[in-house]
Amino acid sequence: MTGKNATEMLEANRAGITRAARILQSGGLVAVPTETVYGLAARADDPVAVAGIYAAKGRPGFNPLIVHVDAVEQAEALAEFSERARRIAQEVWPGPVTLVLPRREGASLAKGVYAGLPTIALRMPAHPVMRALIRQSGCVLAAPSANPSNAVSPTTAAHVAASLGGRIDAILDGGACEAGLESTILAVRDNGTLEVLRPGPFDLGRLTEFGMVGANPTAEIEAPGQMRSHYSPGKPVRLAAAKPEADEFMIGFGGIAGEYNLSPGGDLSEAAANLYAALHRGAASTQPRIAVAPIPETSVGAAINDRLRRASAS
Ligand code: AMP
Ligand code: MG
């Protein structure tokens, strides 16, 4: 916060984007819509603004942030791109993919953004509002998910207001997020490998020519989004449930009914888009526990199950 108590609610129209860009330029914190989840944005070159992100989220200082860019040239000013990294970026951007690359010496970034690592996490989002905001503010934006650390990520402006209202300068309301899961994080290694640090909405089958090596065994240290317990709704979560116990809020899928069905038609992309809204609903319900129907491990189902495993770990 920059000396205000109330969080401004801004519509994602021209006036709202202009106001949000001003707040960001002057070092404020704005929750912003992206195609993955809502992000809590601050200019990435301002140490005080970046410290504000950590303070508002209660985020541990060892957990680095993703920097959002509007153009490849902005990304190249912050990270070292090999020819191969350039081709990978071309394939995945704009979109829900974060690339971890060697950080460029002297890049104009607050230290808090990369938390002492020699690498930097970069993404060019596809969401037109987020892109317009980066362009108008003239700043690359550090933006982790706009939720208190370890809690369920927000996919609507109302989710953000409920948990961070009064602690940030503004929320730019761009409606519900399309993908609904955090970006796929890929580390592009010098030795020619490509490691998945966090599964997400992106179809990794599109990258087989780039030599994928699957999940990184050290990912816990390198990407704290991979911590065993994360995305917690604050109550026990039981997975692969065929039906609820009496004291459970049931999240259904396909033919398995629930108080909230992720996708009655069994569509995994729809289920991903609805997952966090369902967990927020379960968290706010009167039932002390949550149960979730089985989700197939195919395509984006693998990323849904990754988040559910972490939500259920205590
Ligand atoms: P969030 O946007 O809240 O999902 O958090 C950003 C995620 O990106 C966290 O899991 C970070 O650990 C991860 N991340 C950011 N920078 C790096 C990096 N240099 N290397 C590996 N992971 C990173
Ligand atoms: Mg997060």
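A residue that is more than 13 Å from ligand 1 (Cβ to nearest atom), closer than 22 Å to VAL237 by Cβ, β-branched (Val, Ile, Thr) and out of contact with any Phe, Trp or Tyr (no Cβ under 7 Å at 6 or more places or on another chain) occurs nowhere in segment 170-179. For segment 146-169, a residue qualifies if it is within 12 Å of ligand 2 (Cβ to nearest atom) and of a type in the set (A, V, I, L, M), and the qualifying residues are ALA146, ALA151, VAL152. Quick one: in segment 118-138, which of the residues that are without any contact (Cβ under 8 Å) to a residue 60 or more places away in the chain and touching a helix residue (DSSP H, G or I) at 6+ places or on another chain (Cβ under 8 Å) is surrounded by the fewest Cβ atoms within 10 Å (Cβ to Cβ)? Result: MET124. Is segment 200-214 home to any residue that is in a loop (DSSP other than H, G, I, E, B) and at pLDDT below 90? Checking segment 200-214: at least one residue is in a loop (DSSP other than H, G, I, E, B) and at pLDDT below 90. Residue pairs whose Cβ atoms lie under 7 Å apart, sitting 6 or more positions apart in sequence or on different chains, and linking a residue in segment 232-255 that is farther than 13 Å from LEU275 by Cα to a partner that is of a type in the set (A, V, I, L, M) and in a loop (DSSP other than H, G, I, E, B), are ALA241/ALA293. Taken together, LEU141, LEU172, LEU194 contain a single residue that is in contact (Cβ under 8 Å) with a residue 12 or more places away in the chain, more than 16 Å from ligand 2 (Cβ to nearest atom) and over 27 Å from ARG281 (Cβ atoms), which is LEU194.
Residues that are within 16 Å of ligand 1 (Cβ to nearest atom) and modelled with pLDDT of 95 or more number at least 1 in the following strands (runs of 3 or more DSSP E) confined to segment 1-95: 30-32, 39-43, 66-68.
The single condition among (1) surrounded by 15 or more Cβ atoms within 10 Å (Cβ to Cβ); (2) assigned to a loop (DSSP other than H, G, I, E, B); (3) away from ligand 2 (no atom under 14 Å from the Cβ) that VAL113 does not meet is (2).
The values are calculated or read from the model by the stated rules, or taken from the named source; none is laboratory data. These numbers were taken from a predicted model, which means no experiment stands behind them. Methodologically, a virtual Cβ is constructed for each residue, glycine included, from the backbone with ideal geometry; neighbour enumeration extends over all protein chains shown.
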